[in-house]
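Undergrad: So that we are looking at the same thing, I have put the structure below in structure tokens.
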Amino acid sequence: MVWQQVYDPFGNMVISTLLAAIPVLVMLISLGFLDIKAHIAAGLGLLAAVLVAVFAYGMPASMAGTAALYGGFTGLLPIGWIVLNIIFLQKLAEQNGSFQILQSSLSGITSDRRLQLLLISFCFGAFFEGAAGFGTPVAVTAGILIGLGFSPLAASGLCLIANTAPVAFGALGTPVITLAKVHGYDLAQVTATIGATLTPFCILVPFWMIWAFAGRKGMMEIWPAILVTGLSFAIPQYLVSNFIGPELVDIIAAIISMASLILFLRVWQPKSIWTSPNLKGHKSGEVQTKAAEPIKTYSRAQVIQAWIPWLILTVFVFVWGLPPVKAFLNHLYAPAFPMSGLNNLVEKMPPVVLKPTKEGAVYVLGLLSATGTGILLSAIVGALVMKYKPLEIVKTFGRTFWLVRYSLMTIVLMLGLGTLTRYSGTDTTLGLAFANSGLLYPFFGTLMGWIGVAMTGSDTASNVLFGGMQHVAAQQLGLPVNLMGSANSAGGVMGKMIDAQSIVVASTATRWFNHEGDILRYVFFHSIALASMVGVLVTLQAYVFPFTMMIAK
């Protein structure tokens, strides 16, 4: 029997919206203010989502349970699988001492913490976002920063801030391609509009990240390096998105930005070196002279040996992200499991879609093509290069699994919550509340994308969720359709730093377990402030010349 979604079950949009927000509020308050452990907070949020879906929205209980289960499977693969295997690689590198050599080699480029952040969190992270996405950049870069001695809060929070501007073109352009394919946008036009909208934020985010870490004075001391980093990312990002396509935007921009910063640091260094591993205002923020700490040196052979596992990781992640490789691996093994009692039994209704549309629910066990599998294979190859014995590799993997067990549980519960809100229609109720904002819709429509990513943990999922609504609302209000489609994705990227999935990945990568609430409280202001700035720019693009010229025709 088909169940049709109802977006205003009480005939009062205010009451319906407040009820729809309960599951998310329960989870965020539990996590951010009551300091409840992440897996328990996620469980409470999921329980609240089930109760609201069943008793307020009339969703059959069995269907609600199946939707949560479907989300849990998605949490394990691909998200949890990435986290488990990247931590596995980190442990292998730590145990044989190569991580310490890698740390020293990075310090050889610069020992200034601010410049290390630019190189690792922004440039290196953007490359992994472009190649893989789905939590990979935060897992990799936060782990490296911890190895360099950064405090857990700094490593977690700043990697989350850095992993924003590149998200719209992550995983070889998957969010944009999905938006166009599912909701009928012109791919070239929406790609170009997103690229134009995010160009100023590609310059702003590096400044914002360093300001968050070192304060205004600390930021101004290295503004030339920040400007080089931002411009060398923003310009290629704009050119590739406007004249080539969405697939290689992040990868090309990240490589150019990384190379530009390294070359710039060969001829320029700040007058003082920031050595504190903490955020400004957290314990210490001292600045020391260049001669403060001698850097331990290693031979070229040792440095190359230490970098090999990470170079192997980069190659595997890049190859695993290529569409032909994914298609080939899925052809070898990718069984599909329709979720009985849910698949094509939930029907989305107008005004979210033009006509009643059934929602599919098929779980594809793409184990071979999953990014996490590429990371696992790279870790095994790296372990052999590091001269581990097979039994040692197996034992280390077992210890890693035990270490991240609660994090995996949290991710499963979080994805269960996000998936249930999608199939019950409660997230759509929140979106419709924004859609009633009239002339202010460009601003609030952008925040709709922000909420979508905050709830689902994915810009791709947010585009699937709200892309159709943006299309319909834009037509009804006489706004450019491509602008609001791009606004959903561009605004959504700023929600990436507060989604529970990303926060759990960050806390796991930094081994700062049970501190997810601290991370959430730290990044929340940055997230809403940056999302609001995107909303203001989109509003200007909708109504004010010359900003209207940023919309691709």
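Undergrad: Out of everything in the range 366-394 that is in a loop (DSSP other than H, G, I, E, B) and touching a residue at least 24 places away in the same chain (Cβ under 8 Å), what residue ends up being nearest to Phe134 (Cα to Cα)?
TA: Only one residue tops the list, namely Ala370.
Undergrad: Checking the condition more than 20 Å from Thr164 (Cβ to Cβ), in contact (Cβ under 8 Å) with a residue 60 or more places away in the chain and within 21 Å of the chain's Cα centre (by Cα), which residue from His471, His526, His515 passes?
TA: His515
Undergrad: Right, here's the next one. Six or more apart or on different chains, Cβ under 7 Å: which pairs go from a residue in the range 336-347 that's more than 14 Å from Gly71 (Cβ to Cβ) to one that's open to solvent by 20 Å² or more (accessible area, probe 1.4 Å) and among the polar types (S, T, N, Q)? Could you list them?
TA: Gly341/Ser62; Gly341/Thr66; Glu347/Gln4; Glu347/Thr357
Undergrad: Shifting gears a bit: Among the helices (runs of 4 or more DSSP H) confined wholly to the range 403-467, which include 1 or more residues that are at pLDDT 90 or above?
TA: Answer list for the range 403-467: 405-424, 441-456.
Undergrad: Considering only residues of the range 246-273 that are among the hydroxyl-bearing types (Ser, Thr, Tyr) and closer than 19 Å to Ile235 by Cβ, which is surrounded by the most Cβ atoms within 10 Å (Cβ to Cβ)?
TA: Ser257
Undergrad: Among the residues of the range 355-362, is any of a type in the set (Asp, Glu), more than 23 Å from Trp320 (Cα to Cα) and over 25 Å from the mean Cα position of the chain (by Cα)?
TA: no
Undergrad: Test Ala49 against the criterion of being at pLDDT 95 or above, of a type in the set (A, V, I, L, M, F, W, C) and either within 25 Å of the chain's Cα centre (by Cα) or closer than 28 Å to Ser424 by Cβ (or both), and give yes or no.
TA: In short, no.
Undergrad: Please verify whether Ser407 is open to solvent by less than 40 Å² (accessible area, probe 1.4 Å) and either within 28 Å of Ile86 (Cα to Cα) or in contact with a Cys (Cβ under 9 Å, 6 or more places away or on another chain) (or both), treating the condition exactly as stated.
TA: In short, yes.
Undergrad: A further question on this structure: Against the condition touching a residue at least 60 places away in the same chain (Cβ under 8 Å), farther than 20 Å from Thr456 by Cα and in contact with a helix residue (DSSP H, G or I) (Cβ under 7 Å, 6 or more places away or on another chain), how does Tyr406 come out, does it pass?
TA: Criteria not met by Tyr406.
Undergrad: Moving to a separate point now. Can you tell me which residue within the range 107-129, out of those that are open to solvent by 10 Å² or more (accessible area, probe 1.4 Å) and among the aliphatic types (A, V, I, L, M), is modelled with the lowest pLDDT?
TA: Ile109
Undergrad: Only one of these is within 19 Å of Ser502 (Cα to Cα) and in contact (Cβ under 8 Å) with a residue 60 or more places away in the chain: Val140, Val176, Val249. Name it.
TA: When all the criteria are applied, what remains is Val140.
Undergrad: Between residues in the range 268-292 that are β-branched (Val, Ile, Thr) and residues that are surrounded by fewer than 17 Cβ atoms within 10 Å (Cβ to Cβ) and at pLDDT below 85, which pairs lie under 7 Å by C-beta distance while being six or more apart or on different chains?
TA: Between residues of the range 268-292 that are β-branched (Val, Ile, Thr) and residues that are surrounded by fewer than 17 Cβ atoms within 10 Å (Cβ to Cβ) and at pLDDT below 85, the close pairs are Ile273/Gln288; Ile273/Thr289; Ile273/Lys290; Ile273/Ala292; Thr275/Glu286; Thr275/Gln288; Thr275/Ala292; Thr275/Glu293.
Undergrad: Moving on. Take the residues in the range 1-43 that are in a helix (DSSP H, G or I) and in contact with an Asp or Glu (Cβ under 6 Å, 6 or more places away or on another chain), then tell me which one is surrounded by the fewest Cβ atoms within 10 Å (Cβ to Cβ).
TA: Per the criteria, the residue is Ser16.
Undergrad: Among the candidates Leu145, Leu179, single out the residue that is farther than 29 Å from Glu516 by Cα, open to solvent by less than 10 Å² (accessible area, probe 1.4 Å) and at pLDDT below 95.
TA: The conditions single out Leu179.
Undergrad: Tell me which residues, restricted to the range 468-501, are modelled with pLDDT of 90 or more and closer than 30 Å to Ile146 by Cα.
TA: Those that are modelled with pLDDT of 90 or more and closer than 30 Å to Ile146 by Cα: Ala490, Gly491, Gly492, Val493, Met494, Gly495, Lys496, Met497, Ile498.
Undergrad: So is Thr229 more than 18 Å from Leu115 (Cβ to Cβ) and either in contact with a strand residue (DSSP E or B) (Cβ under 9 Å, 6 or more places away or on another chain) or hydroxyl-bearing (Ser, Thr, Tyr) (or both) or not?
TA: Considered against the rule, which asks whether it is more than 18 Å from Leu115 (Cβ to Cβ) and either in contact with a strand residue (DSSP E or B) (Cβ under 9 Å, 6 or more places away or on another chain) or hydroxyl-bearing (Ser, Thr, Tyr) (or both), Thr229 comes out as no.
Undergrad: Scan the range 502-543 for residues that are under 22 Å from Thr400 (Cα atoms) and of a type outside the set (Val, Ile, Thr) and jot them down.
TA: Within the range 502-543, Ser502, Ala506, Ser507, Ala509, Arg511, Trp512, Phe513, Asn514, His515, Glu516 meet the criteria.
Undergrad: Let me ask another. Checking Gly452 against (1) surrounded by fewer than 24 Cβ atoms within 10 Å (Cβ to Cβ); (2) in contact with a Phe, Trp or Tyr (Cβ under 6 Å, 6 or more places away or on another chain): exactly one of these is not met. Which one?
TA: (1)
Undergrad: Here is a further query. From the list Thr191, Thr174, which one is among the hydroxyl-bearing types (Ser, Thr, Tyr) and open to solvent by 10 Å² or more (accessible area, probe 1.4 Å)?
TA: Of the residues listed, the single one that is among the hydroxyl-bearing types (Ser, Thr, Tyr) and open to solvent by 10 Å² or more (accessible area, probe 1.4 Å) is Thr174.
Undergrad: So which helices (runs of 4 or more DSSP H) stay within the range 69-150 end to end and still have 1 or more residues that are closer than 23 Å to Ser260 by Cα?
TA: Helices (runs of 4 or more DSSP H) meeting the threshold: 98-109, 113-117, 125-131, 136-147.
Undergrad: Still on this model: Please determine, by comparing only the residues of the range 197-239 that are closer than 21 Å to Asn488 by Cβ and among the β-branched types (Val, Ile, Thr), which one is surrounded by the most Cβ atoms within 10 Å (Cβ to Cβ).
TA: Here the residue is Val205.
Undergrad: Name the pairs whose Cβ atoms lie under 9 Å apart, with the first residue in the range 309-331 and within 17 Å of Phe128 (Cβ to Cβ), the second open to solvent by 60 Å² or more (accessible area, probe 1.4 Å) and of a type in the set (Lys, Arg), and 6 or more positions between them or separate chains?
TA: Trp320/Lys326
Undergrad: Something else: Look through Phe88, Phe73 and report the one residue that is over 21 Å from Ala20 (Cβ atoms), open to solvent by 10 Å² or more (accessible area, probe 1.4 Å) and in contact (Cβ under 8 Å) with a residue 40 or more places away in the chain.
TA: Within the list Phe88, Phe73, the selection yields Phe73.
Undergrad: Give the range 403-444 a look and list any residue that's charged (D, E, K, R) and in contact with a Leu (Cβ under 8 Å, 6 or more places away or on another chain), or say none.
TA: Result: Arg422, Asp427.
The values are calculated or read from the model by the stated rules, or taken from the named source; none is laboratory data. Just so it is clear, the structure is predicted and the values come from calculations on it, not from any experiment. As a convention, Cβ positions derive from the backbone with ideal geometry for all residues, glycine included, and neighbour counts pool all protein chains shown. Please note that ligands, DNA and RNA were not included when accessible areas were found on the heavy atoms of the full protein model with its side chains. Shrake-Rupley method; radii C 1.70, N 1.55, O 1.52, S 1.80 Å.
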